[in-house]
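J.: My questions will all concern the structure given below.
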Amino acid sequence: MNSNLFFFKKKQKIKDIFPKINIKKNFTINNVKPLDQAKNKDLTFFDNIKYKSFAENTKGSFCITTSKLEHFLPKNIERISVKNVLFELANVLKKIYPNADVDYPDLSLKNAKLGSHKFVKFGNNVLIGKNVKIGKNSIIGANTIIESNVVIGKNCVIGSGTIIKNSIIGDRVMIQDNCKIGQKGFGFIPIKNKNFKFPHIGRVILEDDVEIASGCTIDRGSVSDTQIGKNTYLDNQVHIAHNVIIGSNCMIAGQVGFAGSTKIGDQVSIGGQAGISGHLKIGNNVKIGGGSGVVKDIEDNQTVMGYPAIKLKDFIKKNRGNDE
């Protein structure tokens, strides 16, 4: 059974996808998951030594990887050794989820006032797709679109002109005007004279009491989910790329940008116009000054500033010297 309600899934056996590779077990692939989330009959992928610890403990049945990395995997996992892991992964996703590389319009949309959502208030021209669930006492602003299978909790406020797709939203979540949540992220594999689109089969998960200010964009995950933890607040025009995980009780000021697959801890504060590079780990209780560029991991309880971002005391010392 497909647990992903947002994308059509086509049954595929592993040998049909990789006919030229000697594979002992010919299961139908249950799903495609990251190393730390993969289970029996899942296909996973391992393309960076940074994820060695996840690779050593993965529970998946098959793994796309390279000859240099395959020896880190458990003995019982079938190795699919390739030259370009992400390109092969994109090919697999396209075969299993053939409609996930393009955000096609939801043709099931209907005027919300014709629906049966009780105890929910709608503004004018709200469009709702099939199987949308909205909790009691929620309010949806004018000209907002909520696409098929989206779940919105109780006592939420969704502003006007917002589009929500491929998302699960908790209780008491506030989303202001003109936000775009759950669309396909910026993912492709450059090949000769063209770009191969990377399908995005993940979701956006907004936990309880999150607040998203006007004009924010939150991309859905590529393979895993994009997630924002409880009571985290985003200011206007924040961009969150695919697979980003932000912890609880964080404060993100205006025009901050997160690149894909970065993980942010709890109680993190980020000043306006800061940029966070991809595949980083930012610890708990971290403070990042406005305009900073974060290009490497930050441990717990650090305050950083500048580009590249360094400890605040070092930044002050460095700039004091420049002034002299």
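The values are calculated or read from the model by the stated rules, or taken from the named source; none is laboratory data. Everything numeric here is computed off the predicted structure, so don't read it as measured data. Counting neighbours? That spans all protein chains shown, and the Cβs are built from the backbone with ideal geometry, glycine included.
J.: With the requirement that a residue be hydrophobic (A, V, I, L, M, F, W, C) and more than 20 Å from residue 231 (Cβ to Cβ), what does region 277-300 give you?
T.: Applying the first criterion (hydrophobic (A, V, I, L, M, F, W, C)) to region 277-300 yields 280, 282, 286, 288, 294-295, 298.
280, 294, 295, 298 - these are the residues of region 277-300 that are hydrophobic (A, V, I, L, M, F, W, C) and more than 20 Å from residue 231 (Cβ to Cβ).
J.: Looking at region 75-107, which of the residues that are within 14 Å of residue 32 (Cβ to Cβ) and charged (D, E, K, R) is surrounded by the most Cβ atoms within 10 Å (Cβ to Cβ)?
T.: In this case the residue turns out to be 88.
J.: Determine, yes or no, whether residue 208 is in a loop (DSSP other than H, G, I, E, B), outside the structural domain of residue 247 (by TED's automatic domain parsing) and not hydroxyl-bearing (Ser, Thr, Tyr). Full working, then the answer.
T.: On the way: in a loop (DSSP other than H, G, I, E, B): yes; outside the structural domain of residue 247 (by TED's automatic domain parsing): no; not hydroxyl-bearing (Ser, Thr, Tyr): yes.
For residue 208, the condition - in a loop (DSSP other than H, G, I, E, B), outside the structural domain of residue 247 (by TED's automatic domain parsing) and not hydroxyl-bearing (Ser, Thr, Tyr) - is not met.
J.: Let me ask another. Here are the criteria: (1) under 22 Å from the mean Cα position of the chain (by Cα); (2) modelled with pLDDT of 95 or more. Tell me which single one residue 303 does not satisfy.
T.: (1)
J.: Residue 248 - would you say it is more than 18 Å from residue 314 (Cβ to Cβ), assigned to a loop (DSSP other than H, G, I, E, B) and free of Cβ contacts under 8 Å to residues at least 40 places away in the same chain? Show your work before the answer.
T.: Numbers: more than 18 Å from residue 314 (Cβ to Cβ): yes; assigned to a loop (DSSP other than H, G, I, E, B): yes; free of Cβ contacts under 8 Å to residues at least 40 places away in the same chain: no.
Considered against the rule, which asks whether it is more than 18 Å from residue 314 (Cβ to Cβ), assigned to a loop (DSSP other than H, G, I, E, B) and free of Cβ contacts under 8 Å to residues at least 40 places away in the same chain, residue 248 comes out as no.
J.: Listed residues 258, 186; which is of a type in the set (Phe, Trp, Tyr), surrounded by fewer than 22 Cβ atoms within 10 Å (Cβ to Cβ) and under 13 Å from the mean Cα position of the chain (by Cα)?
T.: Values: 258 fails: surrounded by fewer than 22 Cβ atoms within 10 Å (Cβ to Cβ).
One residue alone meets the criteria, 186.
J.: Condition first: farther than 21 Å from residue 71 by Cβ and modelled with pLDDT under 85. Now tell me which residues in region 15-47 satisfy that. Explain how you work it out, then say what you get.
T.: Looking only at region 15-47, we keep the residues that are farther than 21 Å from residue 71 by Cβ, and these are 15-17, 19-20, 26-33, 37, 39-41.
Listed by number, the residues that qualify are 20, 26, 27.
J.: Quick one: which residue in 224, 214 is farther than 18 Å from residue 171 by Cβ and touching an Asp or Glu at 6+ places or on another chain (Cβ under 7 Å)? First the steps, then the outcome.
T.: Numbers: 224 fails: touching an Asp or Glu at 6+ places or on another chain (Cβ under 7 Å).
Of the residues listed, the single one that is farther than 18 Å from residue 171 by Cβ and touching an Asp or Glu at 6+ places or on another chain (Cβ under 7 Å) is 214.
Here is a yes/no grid of residues against (1) surrounded by 23 or more Cβ atoms within 10 Å (Cβ to Cβ); (2) in contact with a strand residue (DSSP E or B) (Cβ under 7 Å, 6 or more places away or on another chain):
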{"position": "158", "(1), (2)": "yes, yes"}
{"position": "181", "(1), (2)": "yes, yes"}
{"position": "196", "(1), (2)": "no, yes"}
{"position": "199", "(1), (2)": "yes, no"}
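J.: For residues in region 108-118 being of a type in the set (A, V, I, L, M, F, W, C) and at pLDDT below 90, which is surrounded by the most Cβ atoms within 10 Å (Cβ to Cβ)? Before you say what the answer is, go through the steps one by one.
T.: To start, the set of residues in region 108-118 that are of a type in the set (A, V, I, L, M, F, W, C) comprises 109, 112, 114.
Within this subset, residues satisfying the condition of being at pLDDT below 90 are 112, 114.
Details: 112: 22, 114: 7.
Ranking the qualifying residues of region 108-118, first place goes to 112.
J.: Please specify each residue of region 143-191 satisfying the condition of being part of a loop (DSSP other than H, G, I, E, B), charged (D, E, K, R) and at pLDDT 95 or above.
T.: At the first step, the residues of region 143-191 found to be part of a loop (DSSP other than H, G, I, E, B) are 143-144, 147-150, 153-156, 159-162, 165-166, 170-173, 176-179, 182-187.
Adding the requirement that they be charged (D, E, K, R) leaves 147, 154, 165, 171-172, 177, 184.
Those that are part of a loop (DSSP other than H, G, I, E, B), charged (D, E, K, R) and at pLDDT 95 or above: 147, 154, 165, 171, 172, 177.
J.: Follow-up. Which is modelled with pLDDT of 95 or more and either in the same structural domain as residue 44 (by TED's automatic domain parsing) or small (Gly, Ala, Ser) (or both), of 214, 224?
T.: Values: 224 fails: modelled with pLDDT of 95 or more.
Going through 214, 224 in turn, the sole match is 214.
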